[in-house]
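A short write-up of the structure that comes next.
Bear in mind these aren't lab numbers, they're just calculated from the coordinates by the rules spelled out. No experiment lies behind these values; they were computed from the predicted model shown. All Cβ positions, even for glycine, are placed from backbone atoms using ideal geometry, and neighbour counts span all protein chains on display.
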Amino acid sequence: MLRISGLPAALILLLGLTALALAADDPLIKQAQGLFQPIPTQPPAIKGVNATPAMVELGKDLYFDPRACRKATTSVATLAIRSGWAAWT
C-alpha cells in the first residue's frame, strides 16, 4: 500500500482543495448540479415487488460476479467502470 506523508501529502491536499474551489465557480458544474440530483440512499419502490435485504445482496453479488461474462473474467461492475457508467467511490 502506498503511503504519502509530510510535505508531499500536504501538497496533494492543497492541490485537491484548490481544484475543488475552482470547480465550485465553474458554470458547467453549476449547470450539472441544476440538472442532476444526488443518488438516493434507498432504491425506488417498484409496484408489486417487495425488495428484501436478501434480494439486494443477490443484486450486489451478481453485479460484481465475473462469472456473468463468457470467459468468467469480467464483472458487470468492471464493464460499467471501464465505459464510464460507474466509478469506484
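A few comments on the model shown:
- Cα-centred dipole magnitude for the range 50-89, charges only on beta-carbon of K, R (+1) and D, E (-1), debye, nearest 20: 240
- For Lys71, the lysines whose Cα comes closer than 23 Å to its Cα, not counting residues fewer than 8 places off in the same chain, are Lys60.
- Ranking of Asp65, Asp25 by neighbouring Cβ atoms within 10 Å, starting from the fewest: Asp25, Asp65.
- Residue-span extension gain [Ala45 to Leu13] - 0.36 nm each, minus C-alpha spacing: 7.5 nm
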